[in-house]
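Rule-based calculations on the coordinates, nothing more; no lab input. Because the structure is a prediction, the values reported are computed rather than measured. Cβ coordinates were reconstructed from backbone atoms using ideal geometry, including for glycine residues, and neighbour counts include every protein chain displayed.
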Amino acid sequence: MQIKLPFSRRREVTPETWTVCPSCESQIFNRQLERNLRVCPTCGHHFRMGIGQRIELLLDDGSFVEHDAGLESGDPLGFHDQKPYLDRLEAAHVKTGLREAAVWGIGTIDGQRIAIGLFDFHFMGGSMGSVVGEKLARCFEAALVERIPAIVVSASGGARMQEGTLSLLQLAKTTAPLVRLDAAGIPFISILTDPTTGGVLASFASLGDVILAEPKALIGFAGARVASGTVGEELPEGFQSAESLLEHGFVDDIVPRSELRATVSRLLRLMPVAPVEDGWQTTGEARGWGPIGVLSGMAERFGTAVSETIGIEVEHPPADDSGPTAQRPGEDER
């Protein structure tokens, strides 16, 4: 028979009260975890964050203004697997309170205005469909129009399979505006969190002027088993971790969450937007080697399709391909 002492005040502990760290298996009270920016105080494991938490972490209080909040995905393919696509969207909306896997808006970091896009992995794995691609394209276009830096915090499993080829088109939609940002001298900072994979990594996420990553974030195009089978050999353990990518030069720096805001603020001061008169102009001159230079050529070859898709002007190749000195339309007016 259990004896209950009158002065005993044992509080009931439920599974919702604490969280088990997947790295060190420590039991962390949720309030302590939230106070520590969702980082394990024992081993430093970085738990995933929602969009609201990211905004509080990075931006000045009350500065964020969301744009295009009403955009929602349709079901252009009438996709149905275990349940209809629209039912999955509704379930994700109820679970997260979001309409889509990404939001974008304008805010400030230490007073510096920026255009920022943020992913939430809890919404269908942060997958990128037509609406997510459109939001990011508009984020980059707004940065170009207002001449403010662009930042994207990625957390995604890749393209959204329920939208088929339409989701793959978002790779071109999101990378084409970056050519214009690069030409205008407007910085783009890409922040990779756990996980950043698939089509998101294969497009805009890997094209930042500076690429930051959180510690031990999973970053890769395909899963480890698929990648190993593709190259036909065993790949080293942890080859898709942020630390491995930093060692091989894909990531510029790994920044703990507690230092992320200060690091981004410092980068914004070190990489100011180029003055209009000194901005790099896209002309017929040869472009320097690099990912943006390669993509700019693709944007020109597919200019009409890209411009109709994302609603921005893309320079077209000259009609007269008689030689390297042929002028582009309007070049003499620059």
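Specify whether the C-alpha gyration tensor of the stretch 115-182 places it in the rounded, prolate or oblate class, a ≥ b ≥ c being the square roots of the eigenvalues: rounded for a/c under 1.5, otherwise prolate if a/b is larger than b/c and oblate if not.
On the way: a/c = 2.78, a/b = 1.59, b/c = 1.75.
Here the stretch 115-182 falls in the oblate category.
State, to one decimal in nm, how far the label point of Arg147 lies from the label point of Ser228, with both points 7 Å from Cα in the Cβ direction.
Modelled inter-label distance: 5.2 nm.
I need the Kirkwood Rh of the stretch 65-192: take the reciprocal of the average 1/r across all distinct C-alpha pairs and report it in angstrom.
For the stretch 65-192, the Kirkwood estimate is 15.0 Å.
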